[in-house]
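Notes follow the structure.
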Amino acid sequence: GNSVTQMEGPVTLSEEAFLTINCTYTATGYPSPFWYVQYPGEGLQLLLKATKADDKGSNKGFEATYRKETTSFHLEKGSVQVSDSAVYFCALSDQSGGSNYKLTFGKGTLLTVNP
Amino acid sequence: KAGVTQTPRYLIKTRGQQVTLSCSPISGHRSVSWYQQTPGQGLQFLFEYFSETQRNKGNFPGRFSGRQFSNSRSEMNVSTLELGDSALYLCASSLGYGRGYTFGSGTRLTVV
């Protein structure tokens, strides 16, 4: 089956620092990667996505490029804010066999940004 | 545009009881999927429905079941509750493959 490996936290940064959260995956078919964010007590919010190789997703200052050759989708932000404190999940949907119609998630990375 | 609505938000049940959770997808979304989130196992896929048909099912015991109605609303049922079923249950709806999934706020189930 598919699997997603993301950098384990927790990650603690100061405001305006640069953020990278690594995410790599294994997939058997035609994967589409996503980043989701979860704020305390809430569900998951889609942060960004990619549908084909070399696609760059971007949203709210966050970016991630889908690198098919390295099977990666690393999340970056140039200058984090206190409001970015949350848990970030890398996820994958794959249009093949038993992986169809579902998301496979990484374990999540807790980010805390201090003022 | 209304988001994915899950009810109830919180639920406390006793071991051995059964529970039904409800999910109303975004209007026009015909795919509804369910996930269980626990601190130990993370986010795990339960099942996915499209046009009232289950298209995929995760590795959960038969005590976990679901269904989808003609208006795309979905319910999931857990029978004979165990302490380990305590979790946040998340519902997500989608327009289709690669379009992303929109999640609800979840139902927090506590089994005592």
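Annotations for the structure displayed:
- Gap separating the Cα centres of region A:18-39 and region B:39-69, nearest whole Å: 22 Å
- Semi-axes of the equivalent ellipsoid of chain A are 25, 14, 11 Å, computed as sqrt(5λ) over the eigenvalues of the C-alpha gyration tensor in descending order.
- Here the calculated FRET efficiency for residue A:83 and residue A:22, from their Cβ-Cβ distance with R0 = 30 Å, stands at 0.85, rounded to the nearest 0.05.
- Separation in nanometres of the label points that stand 7 Å from Cα toward Cβ, at residue B:55 and residue B:73: 2.3 nm
- Each of residue A:56 and residue B:12 was given a label point 7 Å from its Cα along the Cα-to-Cβ line. The distance between the two points is 5.1 nm.
- Ranked for footprinting exposure by Cβ neighbours inside 10 Å, fewest first, B:33, B:22, B:27, B:70 give B:70, B:27, B:22, B:33.
- Taking only the Cα atoms of chain B, the ratio Rg/Rh comes out at 0.95, with Rh defined as the Kirkwood radius.
- Relative to its Kirkwood radius, the Cα radius of gyration of region A:53-115 gives an Rg/Rh of 1.03.
- Chain A: antiparallel DSSP beta bridges as a percent of all, rounded to 5: 90 percent
- The protein assembly as shown - share of DSSP beta bridges that are antiparallel (%, nearest 5): 90 percent
- DSSP beta bridges confined to chain B are antiparallel in about 90 percent of cases.
Throughout, read-outs are computed from the coordinates displayed, never taken from laboratory work. Here the structure is a predicted model, which is why all the values come from computation and not from measurement. Glycine gets a Cβ as well: all are built from the backbone with ideal geometry, and neighbour counts include every protein chain shown.
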